[in-house]
Amino acid sequence: MNPEEIRKEFPIFSERPELVYLDSAATSQKPGTVIEKISSFYSSKNANVGRGLYRLAGEATVEYQRARSEVADFIGAESDEVIFLRNTTEATNLLASSLDLDGDIVLSEMAHHSEQLPWRRKAEREGLEIKYIPTKDKKLDMEAAKDIIDEDTALVSISHISNVFGVENPVEELADIAHENDALISVDGAQSVPRKPVDVKDMDVDFLSFSGHKMLAPNGIGCLYGRKDILKDMEPYQVGGGMIRTVKKDEVEWEEVPEKFEAGTPNVAGAVGLAEAISYLDEIGMDEVYRHDRELAEKARSELENIQGVDVLAPKDEEISVVSFTMNFAHPHDIAEILNQENVAVRAGHHCAQPQMEKIGISGTTRVSPYIYNTEEDISKFIEAVKKVKSVFG
Ligand SMILES: Cc1ncc(COP(=O)(O)O)c(C=O)c1O
């Protein structure tokens, strides 16, 4: 893969040639092909789906269902195991609302708020217990995990790649531990599905959620994968049009999965855009995407580690995809502001993981998250800008 060439296919970098965009963990930029696909859907295929009998509605429905099967192929699932939603947050809210649990919920300390809060609310409402797998040396404490996940556990919910530490959690091993204890496992793939090959059957997970906007697709489209036998028995998350088979005044029969979980008019153009984004990533190859992102993250990490006063928050012995750091002489917001003056866009703050920040005794970090359109030169510009921060505050 050639990031210099890839970059040319993203209109934002022609509009803003000076931009060093290193905040793809927050949201990715969009290639021209995805922007054009959405525009062409609205220009030539737009109609509501699953309702109209005319030709145009039929074509829109075919596009929507084709998008679903392309997303399913991308993660090794069947089409009817993929539910289109707005984003990872909505996927977890669906699960926490609709999944019947009779036992403890196991989360990790590093979980994103969007993963923690829906489960915490469910636990409060239903009198379930939440247990946390601790973080040790910036990674999941697997010894503790083996003790915490036991026969009282009903569900383990875990991030695949941490948006704070960039570390990859051993989901296959956690899936084995969960299943040995007759518990389910749900994986937050918000940071992994955009960055590495992910196959739900190989990982043997019961649920996987992710957001299109972090993987070249538009905002407002995301997915929940769920094992069909479990989804089939779950109650719908929202009710309304498009998700019923029959409604009488005193009776209602739901549609089959996945329509049962997609009440109201869906984001059809978003789904079509997501399928186009997937074609783009497939063309590069997810192994290459993974290698490239890690290579740039490792370059950023090793160069940051050479700057005195900088602390990189990552396990010493593991490769990472996203780099969080602190500087003992400057606040993350000040760092991000000086980087901004150098046209380097990074994220600063608690990264929606406040309990994790509290545990390690900091209010936030500065985070660098490279993606397919970033080059080694971007990392060098970022490092030069960090040195400027040091010269101002250090
Ligand atoms: C690990 C992780 N989970 C969940 C989310 C939430 O994603 P969204 O805001 O698209 O729902 C994010 C977003 O940054 C994330 O990094």
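No lab work stands behind these numbers, since they all come straight from the coordinates. This one's a predicted model, so the numbers in the text were calculated from it and none came from an experiment. With ideal geometry, Cβ positions are generated from the backbone for all residues, glycine too; neighbour counts draw on all protein chains shown.
Could you work out how much longer the chain between residue 230 and residue 53 gets when fully extended? Use 0.36 nm per residue separation minus the Cα distance between them, nm to one decimal.
So the chain would gain 60.5 nm between residue 230 and residue 53.
With labels modelled as points extended 7 Å from the Cα through the Cβ direction, what inter-label distance (nm, one decimal) is found for residue 333 paired with residue 288?
4.2 nm
Give the calculated FRET efficiency between residue 358 and residue 393 to the nearest 0.05, with a Förster radius of 25 Å applied to their Cβ-Cβ distance.
0.55
Where Lys and Arg each count +1 and Asp and Glu each count -1, what net charge lies around residue 333 among other residues with Cβ under 14 Å from its Cβ?
With Lys, Arg at +1 and Asp, Glu at -1, the net is 0.
Would you be so kind as to identify which of 135, 103, 65 lies farthest towards the positive end of the dipole of region 34-282, taking Lys and Arg as +1 and Asp and Glu as -1 on Cβ and the Cα centre as origin?
Towards the positive end, the residue furthest out is 65.
Return the whole-Å distance between the Cα centroid of region 354-394 and the Cα centroid of region 314-351.
So the two Cα centres are separated by 2 Å.
Find which of 79, 113, 39 sits farthest along the positive direction of the dipole of the chain, computed with +1 on the beta-carbon of Lys and Arg, -1 on that of Asp and Glu, about the Cα centre.
Highest projection toward the positive end goes to 39.
So what is the relative contact order for the chain, in percent, with contacts set as C-alpha pairs under 8 Å and at least six apart?
It comes to 22 percent, rounded to a whole number.
Within 10 Å, count the other beta carbons around each residue, average over each peptide in 359-367, 148-156, and list them highest first.
Ranking, from highest mean packing down: 148-156, 359-367.
So, with +1 on the Cβ of K and R and -1 on the Cβ of D and E, and no other charges, what is the size of the charge dipole of region 34-282 about its Cα centre, to the nearest 20 debye?
Dipole size: approximately 1440 debye.
Starting from the Cα gyration tensor of region 78-214, take the square roots of the eigenvalues, sort them a ≥ b ≥ c, and report rounded, prolate or oblate (rounded when a/c is under 1.5, otherwise prolate if a/b is larger than b/c, else oblate).
rounded
Work from the charge dipole of region 266-335 (Cβ charges, +1 for Lys and Arg, -1 for Asp and Glu, about the Cα centre) and give the residue of 290, 328, 270 farthest towards its positive end.
Towards the positive end, the residue furthest out is 328.
Stokes-Einstein D for the chain at 4 °C, 1.567 mPa s, Kirkwood Rh over Cα pairs, in µm²/s?
59 µm²/s
Pop the C-beta distance of residue 343 and residue 46 into the FRET formula with R0 = 41 Å and round what comes out to the nearest 0.05.
0.65
Note the direction-averaged projected area, equal to a quarter of the hull surface, for the Cα convex hull of region 185-255, in nm².
About 6.1 nm², averaged over all directions.
A 30 angstrom limit on the alpha carbon distance is what I want to check against. Which of 8/390; 138/381; 316/390; 201/299; 37/138 exceed it?
Pairs exceeding 30 Å: 8/390; 201/299; 37/138.
Under a Cβ-Cβ cut-off of 14 Å, what is the net charge of the residues other than residue 64 that fall near it, where Lys and Arg count +1 and Asp and Glu count -1?
-2
With a point put 7 Å past each Cα toward its Cβ, work out how far residue 19 is from residue 144 in nm, to one decimal.
That separation, rounded to one decimal, is 3.9 nm.
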